[in-house]
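Okay, so here's the structure we're looking at.
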């Protein structure tokens, strides 16, 4: 049997093990990216490894999350990143240059490469035919030092697209349909590969919308072939020389094939409070709207904003709607400024935001109490937008712009085909990389403000752990639940301070109780349901609990990135052997694990909880078990040197 696009690229990068389903392999990483909310700690960890310069083909540090710089903390982080990056061979994309995934797609991504990023939406790069994977910052730091990235060889689901989309139906509706089919749960160890005649009508930015939101599926990554459409995009970016053709073999083997006839799709909407709570817009049209936000790394490309401008031109935003538009990159912003599209948006009454993550991560523009916000971004977790009572719906550019004018949710298919805007992709993008600072040829002084801390260390695994379950939660606990974003992001390089907010929106006393337990040599455990650790790749959702004395999380199932992050910081991610045991174990039950240094290498780990014995499964490779034994990846890496 032949190879899929994913396995063709994967086999070129395997450096340890054999690319066989279900086995752990180590792959060489060509490129890395970080953003400032995760990057500061990643680079502190890189420094701690004692490696003088990055060993990748390319590493880029982006500032796109904490660009409002409220207080000194964010500005200090950015100055540290700028000076540290200069010394260690890392390109630095300044605040205002754009969102990491959008800029990387435009200026650095290349077909057939591997990209590891400290952001869960790194798979955006799969639109170019590259293997782009989100991971914790420590794993990215290890890759920058020349280390391999380890993953279990995944299954590949083929989404076979046929025909083409009708006017007013978009790429966003494709990925919302896929989310309806696959949901956000149960896709660990899976890659999604898009093929079929239908992809020939999708531009690279449209493909990027689809691969970007593949992160919400919980898959390892998503990928498209590299074809002439890829080539045209790269040529327009002045980078045709990096293009190569990558197609699946005619007899490529897939673990599952899902056929989607694009001509039958209609506009879709993800309802609160999960990206897989999918309905057809026709079922909800007429819903009063308070806010509309267009942008984020999902839908902020030149094509997206030209479509928006065409819909808004000569019209006025409904006076009861606040409309926000955030271009994804400075390239996009300058191009629409030069061609008049930006003026059309401003004239309509839209508010123009900075080219940054902004409202998508809760960094400003929170909706009104109890309000309805239509957004083109990728996540709508409860409270993520900064207003706990708000209702966030995820929609396409077309739906968002038309609804902003009407003041209520509209079905784009109710509009004439003749009014459908189809902006052409430019033959040449405006290219100005002056806000991407190359590494310095000579040493510069690294600036470390008072918010810059040190990477935390854990002790090697103890043979016996006594403790209390400090919290019991349900299904679909996201990393936003564990470590809130918004105005808390500025503390990400200050672990003791950021740890004060662990689980604050679920149990405000969790942090203090856990720290008090730690001071009394009592460890803390957490009990979770299905799909624990959805969402962002933020490793702080493991680091900060570890700092508080959390040494184990027991859940019905884990998401890939978070499970790895827990292991990397010395926390055992244990799965119930019998899921019914979830109902038998309660918050504040006491536990004791014995003979752990031996049990860690066995199929089952048992413990005594509230006087009863339970069995748990540790889904980890031998290497990961050795990492747990060492007390985390940083300790393990130092030991290997």
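The values are calculated or read from the model by the stated rules, or taken from the named source; none is laboratory data. Since the model is a prediction, treat every value here as computed from it, not as a measurement. For neighbour counting, all protein chains shown are included, and Cβ atoms are generated from backbone atoms with ideal geometry for every residue, glycine included.
Some observations on this one:
- Residues of region 264-292 that turn out to be surrounded by fewer than 21 Cβ atoms within 10 Å (Cβ to Cβ) and touching a strand residue (DSSP E or B) at 6+ places or on another chain (Cβ under 8 Å), as a count: 15
- Region 583-626, residues that are over 11 Å from residue 572 (Cβ atoms), in contact with a helix residue (DSSP H, G or I) (Cβ under 8 Å, 6 or more places away or on another chain) and crowded, with 20+ Cβ neighbours inside 10 Å: 614
- Qualifying residue in region 103-116 (condition: in contact with a strand residue (DSSP E or B) (Cβ under 8 Å, 6 or more places away or on another chain), part of a helix (DSSP H, G or I), closer than 20 Å to residue 484 by Cα and not assigned by TED's automatic domain parsing to the domain that holds residue 489): no
- Among residues of region 185-201 being out of contact with any helix residue (DSSP H, G or I) (no Cβ under 6 Å at 6 or more places or on another chain) and surrounded by 19 or more Cβ atoms within 10 Å (Cβ to Cβ), the one that is nearest to residue 421 (Cα to Cα) is 199.
- Residue in region 293-310 that is in contact (Cβ under 8 Å) with a residue 40 or more places away in the chain, in the same structural domain as residue 347 (by TED's automatic domain parsing), surrounded by 17 or more Cβ atoms within 10 Å (Cβ to Cβ) and farther than 26 Å from residue 99 by Cα present: no
- Highlighted here are the helices (runs of 4 or more DSSP H) found entirely within region 594-641 that include at least 2 residues which are modelled with pLDDT of 95 or more: 596-599, 622-630.
- Every residue from region 525-547 that is at negative phi, crowded, with 24+ Cβ neighbours inside 10 Å and not in a helix (DSSP H, G or I): 525, 526, 527, 528, 532, 534, 536, 537, 538, 539
- Among the residues of region 459-493, those identified as at pLDDT below 90, in contact with a helix residue (DSSP H, G or I) (Cβ under 9 Å, 6 or more places away or on another chain) and surrounded by fewer than 19 Cβ atoms within 10 Å (Cβ to Cβ) are 459, 486, 488.
- Scanning region 1-37 for residues that are touching a strand residue (DSSP E or B) at 6+ places or on another chain (Cβ under 9 Å), modelled with pLDDT under 95 and closer than 26 Å to residue 100 by Cβ gives a single hit, 36.
- The residues of region 568-606 that are over 14 Å from residue 462 (Cα atoms) and without any contact (Cβ under 8 Å) to a residue 24 or more places away in the chain, listed by number, are 579, 580, 583, 602, 603, 606.
- All strands (runs of 3 or more DSSP E) inside region 138-210 with 3 or more residues being over 29 Å from residue 236 (Cα atoms) and in contact (Cβ under 8 Å) with a residue 40 or more places away in the chain: 149-152, 155-162
- Taking the criterion of being touching a strand residue (DSSP E or B) at 6+ places or on another chain (Cβ under 7 Å) and over 16 Å from residue 25 (Cα atoms), the residues of region 138-155 that qualify are 140, 144.
- Within region 402-421, being part of a helix (DSSP H, G or I) and either out of contact with any strand residue (DSSP E or B) (no Cβ under 7 Å at 6 or more places or on another chain) or surrounded by fewer than 24 Cβ atoms within 10 Å (Cβ to Cβ) (or both) holds for 402, 405, 406, 412, 413, 414, 417, 418, 419.
- Matching option when the condition is under 22 Å from residue 512 (Cα atoms), surrounded by 18 or more Cβ atoms within 10 Å (Cβ to Cβ) and assigned by TED's automatic domain parsing to the domain that holds residue 492, among 554, 567: 554
- Scanning region 320-364 for residues that are free of Cβ contacts under 8 Å to residues at least 60 places away in the same chain and part of a loop (DSSP other than H, G, I, E, B), we see that the one that is surrounded by the fewest Cβ atoms within 10 Å (Cβ to Cβ) is 340.
- Unique residue being part of a helix (DSSP H, G or I) and either touching a strand residue (DSSP E or B) at 6+ places or on another chain (Cβ under 6 Å) or within 14 Å of residue 128 (Cα to Cα) (or both) when the list is 258, 229: 229
- Residue check for residue 436: closer than 30 Å to residue 584 by Cβ and either surrounded by fewer than 20 Cβ atoms within 10 Å (Cβ to Cβ) or not assigned by TED's automatic domain parsing to the domain that holds residue 587 (or both): no
- In region 33-72, the residues that are in contact with a helix residue (DSSP H, G or I) (Cβ under 6 Å, 6 or more places away or on another chain), touching a residue at least 60 places away in the same chain (Cβ under 8 Å) and in a strand (DSSP E or B): 33, 34, 35, 59
- Considering residues of region 4-32 that are in contact with a helix residue (DSSP H, G or I) (Cβ under 7 Å, 6 or more places away or on another chain) and assigned to a loop (DSSP other than H, G, I, E, B) only, the residue surrounded by the most Cβ atoms within 10 Å (Cβ to Cβ): 29
- Here residue 398 clears all of (1) part of a loop (DSSP other than H, G, I, E, B); (2) touching a helix residue (DSSP H, G or I) at 6+ places or on another chain (Cβ under 9 Å); (3) buried (at least 23 other Cβ atoms within 10 Å of the Cβ) except the condition numbered (1).
- Only one of the numbered conditions (1) surrounded by fewer than 24 Cβ atoms within 10 Å (Cβ to Cβ); (2) without any contact (Cβ under 8 Å) to a residue 60 or more places away in the chain is violated by residue 80, and that is (2).
- When residue 275 is tested against the conditions (1) in contact with a helix residue (DSSP H, G or I) (Cβ under 7 Å, 6 or more places away or on another chain); (2) within 23 Å of residue 199 (Cβ to Cβ); (3) not in a loop (DSSP other than H, G, I, E, B), the lone failure is (3).
- Considering region 494-520, the residues that are without any contact (Cβ under 8 Å) to a residue 40 or more places away in the chain and in a loop (DSSP other than H, G, I, E, B) include one that is surrounded by the fewest Cβ atoms within 10 Å (Cβ to Cβ), namely 520.
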